[in-house]
1. Would you mind calculating the relative contact order of the chain from Cα pairs under 8 angstrom and at least 6 residues apart, reporting the percent as a whole number?
2. Taking the Cα centre as origin and putting +1 on Lys and Arg beta-carbons and -1 on Asp and Glu beta-carbons, what dipole magnitude results for the chain, to the nearest 20 debye?
3. Lys/Arg Cβ at +1, Asp/Glu Cβ at -1, dipole of the chain taken about the Cα centre: which of 54, 118, 25 is farthest positive-ward?
4. Treat the chain as a sphere of radius equal to its Kirkwood radius over Cα pairs and apply Stokes-Einstein at 37 °C in a medium of 0.692 mPa s; give the translational diffusion coefficient in µm²/s, rounded to a whole number.
5. Please give every one of the lysines within straight-line cross-link reach of residue 7, meaning a C-alpha to C-alpha distance under 22 Å, and leave out same-chain neighbours fewer than 8 residues apart.
6. Quick one, what does Rg over Rh come out to for the stretch 207-249 if you take C-alpha atoms and the Kirkwood Rh?
7. Ordered by residue, what ³J(HN,Hα) values in Hz, to whole numbers, does the stretch 184-198 give under the Karplus form 6.51 cos²θ - 1.76 cosθ + 1.60, where θ = phi - 60° and Gly and Pro are x?
8. Which whole-angstrom value gives the distance between the alpha carbon centres of the stretch 70-96 and the stretch 133-158?
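The numbers here are math on the coordinates, done by the rules we state, and not lab data. Values in this document were obtained by computation on a predicted structure and should not be read as measured data. Positions of Cβ are backbone-derived with ideal geometry, glycine not excepted, and every protein chain shown enters the neighbour counts.
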Amino acid sequence: MSERAGKLDRPDGEQIAWRSVGGAGPAVVWLGGFRSDMTGTKAQALADWAAASGRAYVRFDYLGHGESSGDFRTKGTVTRWREDALAVLDELVEGPAVLVGSSMGGWIACLAAMARPQRVQAMVLVAPAPDFTEKLMAPEIPPQGRAALAADGVWLRPSEYGDPYPITRALLEDGRRWSILGSEPVPIEAPVRILQGAADPDVPWRHALELAQAIKGQDVVFTLIKDGDHRLSRPQDIERLIAAVEEALRSIV
């Protein structure tokens, strides 16, 4: 099955780039990480799997990411990326869906599942980073970064994966609105499969485990890959990802 591509118009004039593979449902929907895009190794591997297995699959780029329009620095917030994910789910996906979220995409997937509990039937999360702005990013901002945020509203955070990331005060403040890890259970009842690397330098495995323990539903499986990094994009990791997606699909009654 060949892949289609298009742009989803948003109310403010921005466009969300997407690609889809037609096939049997429930549709698998890819939600990428912070500053990543839908052409990454895992997203492409799932597209290849979907085409070979006759499964419906949708991937997209959030505002300010990849092929989508919008300025990351001035408009990029968790609120906006959650809205993008819900727009894709509402306008591009028919019927039930299985969300596959990587890193920040794991947080966005949880927020989408909470907003559309009847639509999201299962989730697969890879190194999920819920509340990362407040719990993972903010504590590591150095004094010079805090000074830049106070003076200019933005700090260019060095990255091992390419150019520095612009971290804005708006992103950090907005992220607090969407915190899901606290005293209350995360109100998700759908089956969840989590893949997490123990050698992940960006999302500590205990953070991902906290999410697994907080999810209200009981059908939650947490897999710790001892030598796994943050990306989990090695061939053996891709095999685990596809197996987890297939298991998630089987779990839907």
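1. Relative CO of the chain lands at 16 percent.
2. Numbers: 28 positive and 34 negative charges, 35 e Å.
That gives the chain a dipole magnitude of about 180 debye.
3. Comparing the listed Cα positions along the dipole, 118 ranks first.
4. Values: Rh = 18.2 Å.
Value of D from the Cα-based Kirkwood radius: 181 µm²/s.
5. Filter leaves 42, 75.
6. Working: Rg = 11.6 Å, Rh = 11.7 Å.
Here the Rg-to-Rh quotient is 0.99.
7. 9, x, 6, x, 10, 9, 5, x, 9, 10, 10, 10, 9, x, 6
8. Using only Cα atoms to place each centre, the spacing works out to 25 Å.
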